1. Among the numbered criteria (1) aromatic (Phe, Trp, Tyr); (2) open to solvent by 100 Å² or more (accessible area, probe 1.4 Å); (3) within 25 Å of the chain's Cα centre (by Cα), which one does TRP68 miss?
2. Could you list, ordered by first residue, the pairs with Cβ atoms under 6 Å in which the first is in the stretch 141-159 and touching a residue at least 40 places away in the same chain (Cβ under 8 Å) and the second is of a type in the set (Asp, Glu) and surrounded by 15 or more Cβ atoms within 10 Å (Cβ to Cβ), at least 6 apart or interchain?
3. Considering each residue of the stretch 99-130, count those that are surrounded by 12 or more Cβ atoms within 10 Å (Cβ to Cβ), among the hydrophobic types (A, V, I, L, M, F, W, C) and in a loop (DSSP other than H, G, I, E, B), and give that number.
4. Looking at the stretch 154-242, what strands (runs of 3 or more DSSP E) fall wholly within it and have at least 2 residues that are more than 23 Å from VAL62 (Cβ to Cβ) and open to solvent by 10 Å² or more (accessible area, probe 1.4 Å)?
5. What is the residue count in the stretch 24-50 for residues that are without any contact (Cβ under 8 Å) to a residue 60 or more places away in the chain and surrounded by 18 or more Cβ atoms within 10 Å (Cβ to Cβ)?
6. Across the stretch 256-283, what is the number of residues that are open to solvent by less than 70 Å² (accessible area, probe 1.4 Å), touching a residue at least 24 places away in the same chain (Cβ under 8 Å) and not in a helix (DSSP H, G or I)?
7. Tally up the residues in the stretch 71-82 that are closer than 10 Å to ILE131 by Cβ and open to solvent by 60 Å² or more (accessible area, probe 1.4 Å), please.
8. Take the residues in the stretch 244-298 that are within 30 Å of GLU33 (Cα to Cα) and among the acidic types (Asp, Glu); name whichever of them is modelled with the lowest pLDDT.
Amino acid sequence: MAEKKGQSDKIKELTEKLEAGIKEVFTSDRYREYLSVMNKFHSYSFNNSMLILLQKPEASYVAGYKTWGTLDRHVRKGEKGITIVAPCPYKTKKTVEVLDDKTGQVKRDSYGNPMTEVKEIQYASFRAVSIFDISQTEGRPLPELAEELKGEIPDYKVLMDSIREVAPVPIHFESWEGSKKGHYDLMNKEIVIKSGMSDLQTVKTAFHETAHSILHKDRAHIRDSATMEVEAESTAFIVCQHLGLDTSDYSFGYLAGWSSDKTLPELKSSLQTIQKTAHEVIENLDRAILKNTNNLDISLSIADEPIKISGIGDTHRHRR
């Protein structure tokens, strides 16, 4: 029990480090430039988030045709839009009975007839609209808060084999244009990672999507996009730190971009979920690595130190 308590304390320390790192991003000039552009993107409801996931799980930044134009980008000819539901309220005039403010009863005239008046009433209505992902557009690049990670990892294959054992769904690689690093395919129940990235970026992305496949595995577990991304990236950051892999250059900016404000409501409301998930992934990963290393030089101390695989550890940091 003492060993597990030590690991839990370490995870809490890492979440505090994560929060401090995100807050630093908010004070940067880079964030102000990013925010001026990102204000043009909307936060989507649960139902629309689900529609986006089902139609284009790899989507990262989505907006309407006209909005892309204001960002000096245009939708490529022949691209099929992602259909979501947008509010379309309408107003109409209607004759209604007049109610007494005090009693709530219908007012009557001197003849006992109900008094009426014409009022303008707004009704809720919805219509289908098309939005497009950034991968479907061309033009001026969007500002990025997260720097793509660079760096090789000793025994990268052993680590990826171990991640495949921890992930509850299959992992495979594909090539595509755009900045999206990977996605969890809700329909096919699989993790897809962009090929050709550095070892460090690939491993970090694999942990991010593994967290999605654990936390947001089906429709019943889907939440708003910001919360889901904060949960997945925070878990990936903690697990990478456990391995001695520093993903700060990517994770801090990525999480700041998904946080609705500087009080980090998404992170704070999900801390327990993040810590529990990171603990679960770390325990399963440690066992898988031990099994897969065989004759490699390894050392493991779950309570105090991250697992080390012939070079992976606190003494070997990868920074951009």
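1. (2)
2. Hits for this filter: GLU147/ASP249; GLU152/ASP199; ILE153/ASP199; TYR156/ASP199.
3. Count: 1.
4. Those strands (runs of 3 or more DSSP E) span 171-174.
5. Adding up the residues that qualify gives 1.
6. Summing the residues that are open to solvent by less than 70 Å² (accessible area, probe 1.4 Å), touching a residue at least 24 places away in the same chain (Cβ under 8 Å) and not in a helix (DSSP H, G or I) in the stretch 256-283 gives 3.
7. Matching residues across the stretch 71-82 total 0.
8. Taking the candidates together, the pick is ASP261.
The values are calculated or read from the model by the stated rules, or taken from the named source; none is laboratory data. Bear in mind the structure is a predicted one, so any value in this text is a computation, not a measurement. Glycine also receives a Cβ, built like all others from the backbone with ideal geometry; neighbour counts cover every protein chain displayed. Heads up: the accessible areas ignore ligands, DNA and RNA and are worked out on the full protein's heavy atoms, side chains in. Shrake-Rupley method; radii C 1.70, N 1.55, O 1.52, S 1.80 Å.
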